[in-house]
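K.L.:
Here's a structure for you.
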Amino acid sequence: DTEVTQTPKHLVMGMTNKKSLKCEQHMGHRAMYWYKQKAKKPPELMFVYSYEKLSINESVPSRFSPECPNSSLLNLHLHALQPEDSALYLCASSERQTTPYEQYFGPGTRLTVT
Amino acid sequence: GDSVTQMEGPVTLSEEAFLTINCTYTATGYPSLFWYVQYPGEGLQLLLKATKADDKGSNKGFEATYRKETTSFHLEKGSVQVSDSAVYFCALVGSGNTGKLIFGQGTTLQVKP
């Protein structure tokens, strides 16, 4: 089974709200990723966790706050977002962070900031 | 830095036509190469991969061969179906330990009955 699940599927939030995105995998993978995808563009890496520790932060604004409470779960906390943050947020996981391990993606959360 | 270049789309084909989507890359060392597919309103699905020169990845009738001499990883399928209509992304992970996927811009494929 190569399933990565994400909740919620859709989220609409105001610029003053606080919300969280959740991602879960039960494949025993020890690397998890957050990507942001704008319409008609490829995904852009935001964060990488390896063995529950933050490994890469691609200079993401602090209004996005990742958390990895355990090896199966990855959260993305959102606060004071801007309309330009509206996008599809994709979670992925891989057996390890290093090549050649392939990444498996979840279905994404479509976020709209009003 | 590492980069991936894909042929621009959209590509429009009739059902049962032959498909080629070109992909070339620039990378130091020995990257791993991937094709992902994204159906409308969905996340990305791994279609196939190749981890070393001359490897051929294949899945669901799609194939791609890792050509180091031409730094290419072109996607092919002998007979496309309407259900293959989607966006296809070529991607690489470099030989460092970042795990960062570098994507091409994506190619939209539309197959007409």
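The values are calculated or read from the model by the stated rules, or taken from the named source; none is laboratory data. Just so we're clear, the structure is a prediction, and the values are computed from it rather than from any experiment. For neighbour counting, all protein chains shown are included, and Cβ atoms are generated from backbone atoms with ideal geometry for every residue, glycine included. Side chains are part of the model used for accessible areas, which takes the heavy atoms of the whole protein and leaves out ligands, DNA and RNA. Shrake-Rupley method; radii C 1.70, N 1.55, O 1.52, S 1.80 Å.
K.L.:
Please work out which one of (1) touching a helix residue (DSSP H, G or I) at 6+ places or on another chain (Cβ under 8 Å); (2) within 11 Å of another protein chain (Cβ to nearest Cβ) is the condition residue B:55 fails and give its number.
P.N.:
Against the list (1) touching a helix residue (DSSP H, G or I) at 6+ places or on another chain (Cβ under 8 Å); (2) within 11 Å of another protein chain (Cβ to nearest Cβ), residue B:55 comes up short only on (1).
K.L.:
Is it the case, given these coordinates, that residue B:33 is open to solvent by 10 Å² or more (accessible area, probe 1.4 Å), within 13 Å of chain A (Cβ to nearest Cβ), among the hydrophobic types (A, V, I, L, M, F, W, C) and out of contact with any helix residue (DSSP H, G or I) (no Cβ under 8 Å at 6 or more places or on another chain)?
P.N.:
Working: open to solvent by 10 Å² or more (accessible area, probe 1.4 Å): no; within 13 Å of chain A (Cβ to nearest Cβ): yes; among the hydrophobic types (A, V, I, L, M, F, W, C): yes; out of contact with any helix residue (DSSP H, G or I) (no Cβ under 8 Å at 6 or more places or on another chain): yes.
Spelling it out, it is not the case that residue B:33 is open to solvent by 10 Å² or more (accessible area, probe 1.4 Å), within 13 Å of chain A (Cβ to nearest Cβ), among the hydrophobic types (A, V, I, L, M, F, W, C) and out of contact with any helix residue (DSSP H, G or I) (no Cβ under 8 Å at 6 or more places or on another chain).
K.L.:
If we scan the range B:71-85, do we find a residue that is in contact (Cβ under 8 Å) with a residue 24 or more places away in the chain, open to solvent by less than 50 Å² (accessible area, probe 1.4 Å) and of a type in the set (A, V, I, L, M)?
P.N.:
yes
K.L.:
Just to be sure, is residue A:41 assigned to a strand (DSSP E or B) and either facing chain B (nearest Cβ under 10 Å) or surrounded by 14 or more Cβ atoms within 10 Å (Cβ to Cβ) (or both)? First the steps, then the outcome.
P.N.:
Working: assigned to a strand (DSSP E or B): no; either facing chain B (nearest Cβ under 10 Å) or surrounded by 14 or more Cβ atoms within 10 Å (Cβ to Cβ) (or both): yes.
So residue A:41 fails the test.
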